[in-house]
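The values are calculated or read from the model by the stated rules, or taken from the named source; none is laboratory data. As the structure is a computational prediction, the values presented were derived from the model and not from experiment. All Cβ positions, glycine included, derive from the backbone under ideal geometry; neighbour counts span all protein chains shown.
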């Protein structure tokens, strides 16, 4: 069987979560299931997800970070393939269909990605809109939101690192490369990546800190030393 589990981890994402789920439901190749894991939100994120009824499987957990939320979702998933979407981003309608064609062909890669296109959220502060007006156009996106991967390939790498504040996927992807997994980048845009107040300057500062630690850990693994933290 070739059925897809889509996992969404959300933390205080009520403003955008509905649109994200709707973009999953709009797929021309519908997934087997949508799992939304609420990571201890203090807003109405869980209620937004529950509002979709049987179309969405909802879970609420204590706040432990996105990696732990994703790992829990994976533990509950029943599909043969995994896809992930951040609660503030959107999928293009052909995303899953196009990627499944790639993964089901002979000599398929272990995982497939696509291009990501940023867009400015309407409520973005005027100063931030000015600073990001010339944001990068659509570009190859090695992001969890652009990936589709068979369960077996994901299991070769293992779960997301729960100690990473923001760089959980970069860490996972580097481990996948180290394990020898192959990938293919589709030329199509499959993900609309939202730029908003909460993911601009503050997030970028934390990412820089996490990326340094992640790259050091990767180098240590390849050298056979003690992984960095």
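Residues in the range 51-95 that are assigned to a helix (DSSP H, G or I) and surrounded by 15 or more Cβ atoms within 10 Å (Cβ to Cβ): 66, 67, 68, 69, 70, 71, 72, 73, 74, 95. Selection of the range 108-130 for residues being at pLDDT 95 or above and either farther than 17 Å from residue 194 by Cα or surrounded by fewer than 16 Cβ atoms within 10 Å (Cβ to Cβ) (or both) yields 108, 109, 110, 111, 112, 113. One residue alone among 43, 38 is modelled with pLDDT of 95 or more and either buried (at least 16 other Cβ atoms within 10 Å of the Cβ) or assigned to a strand (DSSP E or B) (or both), and that residue is 38.
Checking 1, 100 one by one, the residue that is over 24 Å from residue 121 (Cα atoms) and at pLDDT below 95 is 1 and no other. Residues in the range 68-84 that are in contact (Cβ under 8 Å) with a residue 40 or more places away in the chain and within 14 Å of residue 11 (Cβ to Cβ): 68, 69, 70, 73.
Restricting the search to helices (runs of 4 or more DSSP H) fully inside the range 135-229 and requiring at least 3 residues that are within 16 Å of the chain's Cα centre (by Cα), modelled with pLDDT of 80 or more and surrounded by fewer than 15 Cβ atoms within 10 Å (Cβ to Cβ) gives an empty result.
Residue check: residue 26 meets all listed conditions (1) more than 16 Å from the chain's Cα centre (by Cα); (2) buried (at least 17 other Cβ atoms within 10 Å of the Cβ) but one, namely (2).
Can you give me the number of residues within the range 1-10 that are surrounded by fewer than 19 Cβ atoms within 10 Å (Cβ to Cβ) and either touching a helix residue (DSSP H, G or I) at 6+ places or on another chain (Cβ under 7 Å) or free of Cβ contacts under 8 Å to residues at least 12 places away in the same chain (or both)?
Total meeting the criteria: 1.
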